[in-house]
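Colleague: So that we are looking at the same thing, I have put the structure below in structure tokens.
What follows draws every value from the coordinates through simple rules; no lab data is involved. None of the values given here were measured: they were computed from a predicted structure. Neighbour counts are summed over all protein chains in view; Cβ atoms, including those assigned to glycine, are modelled from backbone coordinates with ideal geometry.
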Amino acid sequence: MLTTDRLILRPWREEDREPFAAMGADPDVMRHFPSLLTRAESDSVIDRLGTLLDQHGMTFWAVEVLGAAPFIGMVGLAPVTFETSFTPCVEIGWRLATAFHGFGYASEAARACFRFGFENKGFDKIVAYTATANLASQAVMNRIGMTRRSDWDFDHPRVADGSPVKRHLTWSITAKEWQDQRR
């Protein structure tokens with residue numbers, strides 16, 4: 001579990017399944033993904049995230065706002081499981097319910113994940129990537145001090161050819177860059 005002044009990033013609970021499924025069925029939340037998720041697909045994601053935590057000691061954690069909201073989405077770290085020019089590595093990512101956009105929660109949680117990844121896990125770099133049109137996530141990547149890596153842009157191998165979300169743009173941050181920013 002990770003904490004910030006306002007947030008808790010924690011393992012998934014059974015009661016997270018319903019609001020996560022609602023996020024996966026929300027066209028606004030999922031507009032930069034290949035498709036909406038069925039309830040079964042959403043539940044499968046949660047199951048895989050639990051396994052990821054057991055195997056690697058990290059995951060895309062469920063996020064809650066202390067004293068205000070028991071579930072707002074997910075933020076976390078995971079090994080990249082496909083090959084591209086910047087793998088092997090760990091990615092940082094986030095997905096929040098629409099009602100919780102614009103409050104700085106993704107940035108705040110991401111910074112906690114950097115601290116965990118660099119201090120506790122000893123990673124030398126963390127990457128983030130998103131579909132070309134996802135300007136909101138790109139703004140978060142810039143806000144949290146990541147560096148745009150156009151040399152690492154790629155066509156996502158798990159997205160169908162011809163999909164408008166096939167092309168992905170990439171950012172990264174190294175442990176040294178993160179340390180330097182904290183000074």
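Colleague: For the ranges 137-147, 12-22, what's the packing order if you count other beta-carbon atoms within 10 Å of each residue, average per peptide, and put the highest first?
Modeller: Details: 137-147: 18.1, 12-22: 15.7.
Put in order of decreasing packing, that is 137-147, 12-22.
Colleague: Which helices, counted as full DSSP H runs in the chain, have an axial Cα extent of no less than 30 Å and a Kyte-Doolittle average of 0.0 or above? Working shown, then result.
Modeller: Details: long enough: none.
Going by DSSP H runs, there are no hits.
Colleague: Further, regarding this structure: State the antiparallel share, in %, of DSSP beta bridges confined to the chain, rounding to the nearest 5.
Modeller: On the way: 29 of 30 bridges.
Of the beta bridges lying entirely in the chain, close to 95 percent run antiparallel.
Colleague: For the stretch 75-123 and the stretch 1-34, write down the distance between their C-alpha centroids in whole Å.
Modeller: 14 Å
Colleague: Here is a further query. Write down, largest first, the equivalent ellipsoid semi-axes of the stretch 1-66 in whole Å, where each equals the square root of 5 times an eigenvalue of the alpha-carbon gyration tensor. Present the calculation step by step, with values, prior to reporting the outcome.
Modeller: Working: eigenvalues 88, 46, 23 Å².
Output for the stretch 1-66: semi-axes of 21, 15, 11 Å.
Colleague: Here's a follow-up. Add +1 for every Lys or Arg and -1 for every Asp or Glu among the other residues with Cβ under 15 Å from the Cβ of Ala133, and state the total. Mind showing how you got there, number by number?
Modeller: Working: positive: Arg31, Lys166, Arg167; negative: Asp28, Asp153, Asp155.
Within the 15 Å Cβ shell, the charges total 0.
Colleague: While we're here: If I take the Cα coordinates of the stretch 132-183 and project them onto the principal axes, what are the three extents in Å, biggest first?
Modeller: Projected onto its principal axes, the Cα set of the stretch 132-183 covers 44, 19, 15 Å.
Colleague: Oh, and also: Apply the Karplus curve 6.51 cos²θ - 1.76 cosθ + 1.60, θ = phi - 60°, to the phi angles in the stretch 146-156 and return the couplings in whole Hz, x for Gly and Pro.
Modeller: Karplus values, whole Hz, x for Gly and Pro: 7, 9, 5, 10, 4, 5, 10, 4, 7, 8, 5.
Colleague: In the chain, if every C-alpha pair distance is counted and binned at 5 Å from zero, what percent goes to each bin?
Modeller: 1, 8, 17, 21, 23, 18, 9, 3, 0, 0
Colleague: Still on this model: List the aspartates and glutamates whose Cα lies under 13 Å from the Cα of Lys176, skipping any in the same chain that are fewer than 8 positions away.
Modeller: Straight-line reach from Lys176, under 13 Å: Glu119, Asp124.
Colleague: Can you compute 3J(HN,Hα) from phi for each residue in the stretch 66-83, using the Karplus curve 6.51 cos²θ - 1.76 cosθ + 1.60 with θ = phi - 60°, rounded to whole Hz and x for Gly and Pro?
Modeller: Running phi through 6.51 cos²θ - 1.76 cosθ + 1.60 with θ = phi - 60° gives 3, x, 10, 8, x, 7, 10, x, 9, 8, x, 10, 7, x, 6, 10, 9, 9 Hz.
Colleague: With each label point set 7 Å from Cα along the Cα-Cβ vector, what nm distance links Leu36 and Ala99?
Modeller: Modelled inter-label distance: 1.9 nm.
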